[in-house]
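Take a look at the structure set out below.
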Amino acid sequence: MKREELKELGLTDDQINSVMASHGNTVNELNSQVNTLTQQANEYKSQLDKNQSELDKFKEGAKGNDELKQQVTDLQSQLDQNKSDSEQQIADIKKESAIDLALTQSGAKNIKAAKALLDSDKLELTDDGVKGLDDQLNEIKENNDYLFEQKESSNPSGNGKSATFNGNPSSGKATQGDSFADALGITKQ
């Protein structure tokens, strides 16, 4: 409302001042409410933008977590594979060592050559030793006895008697070996 409009209605100046003051209070309240609501709207908009930004960051972080989860899964599977490979290598080393020990104890002259004749796929390491090794070893000894030390009998003549020699095998006279002692000035008498 304007003052001219109120004068046209026939109001006095006091009445116009009173209406204008009342109208001013209403307008001021409305302006205050509009300002308050505008500030709230701006705050809500700011919060909404902030929340959207945080949500975008969270989504971006979640993508990274998926990648991180995948990396962890990949690393875990790689660790499990390495563990399995290591256990297999340890088992193979134990098996090879047990075979080497058995060949050594059986008197193999050349462990590498004797081991080449073994079918290691048929051998299995157990708590009691290498399963199947004795059978293969006996077969190799029968067919390739030259690979193993021959046990010498304590009586080579075979009749149960052994020869024993007493006395001095030399005649007691100086031999050529004593010339060395003579050169050093050591003489036997």
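Annotations
- Unsatisfied cross-links (Cα-Cα over 22 Å) in the set Lys83/Lys122; Lys83/Lys131; Lys109/Lys141; Lys83/Lys115: Lys83/Lys122; Lys83/Lys131; Lys83/Lys115
- For region 3-150, convex hull volume per residue from C-alpha positions, Å³: 170
- Note that region 35-104 carries a Kirkwood radius of 17.4 Å, evaluated over its alpha carbons pair by pair.
- This model, with +1 at the C-beta of Lys and Arg and -1 at the C-beta of Asp and Glu, gives region 3-150 a dipole about its Cα centre of some 260 debye.
Read-outs: derived from the displayed coordinates by stated rules, not from any lab. In this text, all values refer to a predicted model and were calculated from it rather than measured experimentally. All Cβ positions, glycine included, derive from the backbone under ideal geometry; neighbour counts span all protein chains shown.
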